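Step one of this worksheet: look at the structure below.
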Amino acid sequence: MTSQTVQTTPIDGQKPGTSGLRKKTAVFRAPGYLENFVQCIFDGTGGAQGKTYVVGGDGRFFNREAIQTIIRMAAGNGAARLIVGQNGILSTPAASNLIRKYKTDGGIILSASHNPGGEDGDFGVKFNAANGGPAPERVTDAIFARTLEIAEYSISDQQSGDIGTIGSYNVGDCRVEVIDPVDDYETLMQELFDFDAIRGLFAGGFRICFDAMHAVTGPYATRILETTLGAPRGSVINATPSPDFGGGHPDPNPVWASELVGIMSGDNAPDFGAASDGDGDRNMVMGKSAFVSPSDSLALLTAYAHLAPAYAGKLAGVARSMPTSRAVDLVAERLGIPCFETPTGWKFFGNLLDAGRATLCGEESAGTGSNHIREKDGLWAVLLWLNILARDGRDIVQLRADHWRSFGRNYYSRHDYEEIPTEAAEALMDALRARLGDLPGREVAGMQVSTADDFAYRDPIGDSLTERQGVRIGFADGSRFVMRLSGTGTQGATLRVYLERFVDRGGDHTQDVQAALGPVIEAAQTLAEITKHTGRRRADVVT
Ligand code: G16
């Protein structure tokens, strides 16, 4: 085989964010853009010579062409073997599983997750390490450093071959294996959960609506829920991945999954509703007319995980991202297991999972997962829920009400202010940071500020320090808000405001969430001067 070395120059802005490099699709399609970044992944991780990688993506526009380029570049860089999902499809959790199962050197996953796709949408590339998890910061830093000095990339002259047919072929000396994207993932799920109990649940007339949001989870959910577990045909909706996600926004929250919310609120609603995102790692769950917040879902899954074979008596600890509500902390305390608080981003759970310190992890941004892989996993969360419901017998709404009665309720909401000019968003955060020392003791919205800091995390395993991860303002009554700028957007800045108020056992757990959070919302707007900095009077997306 011959391969070419192509001269190139550094391209600005190739710094990976919370989860890989995300840009407008048009940016990724510009000559050399993808090639530069992929070469820097190889260069920043010691080269591809002799290595094996998993390659796949969420099926969005440009997925297939990008995979073909990556195959040729891996071959051009001397990779020995590639495992590629048929038609270029692999959910992020399925890719993580393949990396671990086949002990590869890592994987390249093409996705911009919940961001819209299509020619005018977003595209993304992320590198996962040999443990199956998103590359840690020292690796993304090394990749970024290479993007600043890259001078050439290597690419095979040979075309990449057919990725639509299962089988294997060579591109030069590199073996390309095209595999069924679902098989290995389904095998793993069977090992973790009580499939017989879930089959019994469906056989007894239990109904589910799973909204795959025209994204990658469709084939996984259809095979596992309908074919293997016996949920009625049609239980999975929007099940065929489309390059632009049916023109939608594949983000499983009550705003973007409004079709599911409508079904779950209608007459004759199914017993359980769920949705997953673009690349299949996020999840949202619902009961009849009841949205279960991701933070509550994490707390409940932790409380009842023992009903699933893989987790009975095996919870070493739990971890949540800092802005996630503290509902799970209360469960961990009662179970007598540690609860770790990490910065936003699944990569921060990796060391805890690898070291066996945490078994379950979760984030407010609709991510839950466990030590079965090193990514969050949308369908896994749905199956754990089904396993719990099958074994417990109560429905999800009752289970949650009983949970609040026993632990108290952490009212919780996230307010997003999208596409703010970056300078205005940074000025807001800088101004708030500058005042942190003066805030404790101050009265605002009828509450007294008790703590104010900027979250920093010292990894208990790797000892690395990660600073400036979000401002936390705590109040004397136990309420708090957190503010940070999103690390996954592609246009301007998104200000995320996370709001939380605890109502203890015996209190009123039936209030409207926004009403219950009223004083905290007012305090956040006042202390951060959101309107002054952004011109906005209210958030664009409230979840
Ligand atoms: C990514 C990370 C998540 C993180 C989320 C936060 O999610 O994988 O661990 O919670 O970003 O996003 P932001 O920085 O915008 O708040 P995903 O599903 O987009 O890969």
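Quote the charge dipole size of the stretch 365-522 about the Cα centre in Debye, to the nearest 20; the model charges only the Cβ of Lys and Arg (+1) and of Asp and Glu (-1).
The dipole of the stretch 365-522 has a size of about 480 debye.
Helix-only estimate, please: 222 nm mean residue ellipticity of the chain, summing -39500 (n - 2.57) across DSSP H runs of length 4 or more and dividing by its residues, to the nearest 500.
Helix contribution divided over all residues of the chain: -9000 deg cm²/dmol.
Could you list which residues have their amide H under 5 Å from that of residue 281, counting only those 5 or more apart in sequence or on another chain, with H placed in the peptide plane?
The answer is 92, 378.
Below 8 Å, C-alpha to C-alpha, sequence gap of six or more: please give me the relative contact order for the stretch 3-181 in percent.
It rounds to 35 percent for the stretch 3-181.
Might you report the magnitude of the Cβ-based charge dipole of the stretch 3-181 about its Cα centre, with Lys and Arg at +1 and Asp and Glu at -1, to the nearest 20 debye?
420
Under the classification rounded if a/c is under 1.5, otherwise prolate if a/b is larger than b/c and oblate if not, where does the stretch 184-287 fall, given a ≥ b ≥ c as square roots of the Cα gyration tensor eigenvalues?
Note, shape of the stretch 184-287 comes out oblate.
Over the stretch 185-407, give the accessible area per residue in Å² for a 1.4 Å probe, as an integer.
Solvent-accessible surface per residue comes out at 31 Å².
What is the magnitude of the charge dipole of the stretch 178-278 about its Cα centre, with +1 placed on the Cβ of each Lys and Arg, -1 on the Cβ of each Asp and Glu, and no other charges, expressed in debye to the nearest 20?
300
Taking amide H atoms as placed 1.01 Å from N in the peptide plane, list the residues 5 or more away in sequence, or in a different chain, whose amide H sits under 5 Å from that of residue 464.
Amide H to amide H, under 5 Å and 5 or more residues apart or across chains, residue 464 pairs with 459.
Excluding residue 522 itself, what net charge comes from residues whose Cβ is under 13 Å from its Cβ, given Lys and Arg +1 and Asp and Glu -1?
Combined, the nearby Lys, Arg, Asp and Glu give +1.
Could you tell me the largest-minus-smallest coordinate of the C-alpha atoms of the chain on each of the three principal axes, in descending order and whole angstroms?
Over the chain, Cα extents along the principal axes are 72, 58, 41 Å.
Rounded to whole Å, give me the distance from the Cα center of the stretch 223-275 to that of the stretch 345-376.
25
Which whole-Hz ³J(HN,Hα) couplings does the stretch 232-240 yield from phi under the Karplus relation 6.51 cos²θ - 1.76 cosθ + 1.60, θ = phi - 60°, glycine and proline marked x?
Calculated HN-Hα couplings, in order: x, 3, x, 5, 9, 10, 6, 8, 9 Hz.
In sequence order, what are the phi-derived ³J(HN,Hα) couplings for the stretch 184-196 according to the Karplus relation 6.51 cos²θ - 1.76 cosθ + 1.60 with θ = phi - 60°, rounded to whole Hz, with x for glycine and proline?
5, 5, 5, 4, 5, 4, 5, 6, 8, 10, 8, 4, 5
List, in order, the whole-Hz ³J(HN,Hα) value for each residue of the stretch 462-468 obtained from phi through the Karplus relation with A = 6.51, B = -1.76, C = 1.60 and θ = phi - 60°; use x for Gly and Pro.
x, 6, 6, 10, 10, 10, 6
Describe numerically, in nm with one decimal, the distance between label points set 7 Å from Cα along Cα→Cβ at residue 513 and at residue 191.
Placing both labels 7 Å along Cα→Cβ, they lie 3.5 nm apart.
So who's got an amide H within less than 5 Å of the one on residue 3, skipping anything under 5 residues away but keeping other chains? H placed 1.01 Å off N, in plane.
Amide H neighbours of residue 3, under 5 Å, 5+ apart: 157.
Run down the lysines and flag those whose C-alpha is under 30 Å from the C-alpha of residue 347, throwing out any fewer than 8 positions away in its chain.
Straight-line reach from residue 347, under 30 Å: 15, 23, 24, 51, 101, 103, 126, 314, 376.
Starting at 0 and stepping by 10 Å, how many percent of the alpha carbon pairs of the stretch 424-492 end up in each bin?
Going from the shortest bin to the longest, the percentages are 18, 42, 30, 10, 0.
Taking the Cα centroid of the stretch 89-122 and of the stretch 22-45, what is the distance between the two, rounded to the nearest whole Å?
Each part reduced to its Cα centre gives a spacing of 15 Å.
What number, in percent, do you get for the relative contact order of the chain if the mean sequence gap of Cα pairs under 8 Å and at least 6 apart is divided by its residue count?
Relative contact order of the chain: 13 percent.
Computed over the Cα atoms of the stretch 426-543, what is the ratio Rg over Rh, Rh following Kirkwood?
0.98
Determine the relative contact order of the stretch 185-407: mean sequence separation of Cα pairs under 8 Å and six or more apart, normalised by residue count, in whole percent.
20
The values are calculated or read from the model by the stated rules, or taken from the named source; none is laboratory data. What you see is a predicted model, and the numbers here were worked out from it, not measured in a lab. Cβ sites come from the backbone with ideal geometry, for glycine too, and all protein chains shown count toward neighbours. Just so you know, the surface numbers come from the protein's heavy atoms only, side chains and all, with ligands and any DNA or RNA stripped out. Shrake-Rupley method; radii C 1.70, N 1.55, O 1.52, S 1.80 Å.
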